[in-house]
Amino acid sequence: MTTTGQERPVSTRTSRIAIAAATTALALATAATTANAAPAPAPAAANCVVDVDSGSKQCYGTFREAVAASTQGRIADAPLSAKHIDRKLAERLKASPGPAGAQAVQLGVIYADSNYGGSALVLTGGSGCQSGNGRDAQLNLDGIWNNSVSSLTTLSCWLELWDAPDTSGIHQEYQQSTSYVGDAMNDRASSVALL
């Protein structure tokens, strides 16, 4: 086959076109595979209530359901997400639950994410706390709560996070709601004391 100065052999042009077509097909196949293998959506945040006296725990689809259960229906209009606890709702949660022993008192809320986000664990108990006047209750954190606390809301109690079970190890006390527990305790708490 003869070629002039700028012409190339037909076979070279055909080979380049075939290579380009194969590369494009491979890229499209890879993109389709990647799109089909997209990660599964993150699971919905858990909204749980734990009785610090008995250790019993129940989880719900929304924070509103968790609050309604923990207050035995006294508060049925809480927000869907625990991130939206405002001062008015906090005061309602701290309010007297009615006759003694009729229902649990809301003691505090701990969150898996900073800024009161992610999964929420409502801490309840048979009586409130004396706020700094000694330890009123303690609880080991298990499952998704162990080593995952990043923020908290104090209600009837001050909360003290500990980095080991049975309230041992390094600890930090919180007397008010805290949007970030700090680098020393973030994602390290294994137990909580209620003061």
Whole-Hz couplings from phi, Karplus 6.51/-1.76/1.60, listed for segment 87-92; x for Gly and Pro: 4, 4, 5, 4, 5, 5
Ranked list, fewest to most other Cβ atoms within 10 Å of each Cβ, for TYR180, TYR111: TYR180, TYR111
Sequence-distant residues sharing a close amide H with ALA137 (under 5 Å, placed H): LEU194
Rg over Rh [alpha-carbon atoms, Kirkwood Rh] for segment 47-194: 0.93
Rounded to whole Hz, the Karplus (6.51, -1.76, 1.60) HN-Hα couplings of segment 179-195, x for glycine and proline: 6, 8, 6, x, 4, 5, 10, 4, 6, 10, 5, 10, 8, 9, 10, 10, 10
Intensity falloff of segment 136-185 expressed as log10 I(q)/I(0), Debye formula with alpha-carbon point scatterers, at q = 0.28 Å⁻¹: -1.34
TYR174 long-range amide H proximity, modeled H, under 5 Å: LEU159, GLU160, LEU161
Sum of side-chain charges, SER114 neighbourhood, beta-carbon under 15 Å (Lys, Arg +1; Asp, Glu -1): -1
Amide proton proximity set for LEU155, modelled H, under 5 Å, gap of 5+: GLY108, VAL109
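Quick note: the coordinates plus some simple rules give every number you see, no bench work behind them. Predicted model, so just to flag it, every value in this text is computed and none were measured. We place every Cβ from the backbone using ideal geometry, glycine too, and count neighbours over all the protein chains shown.
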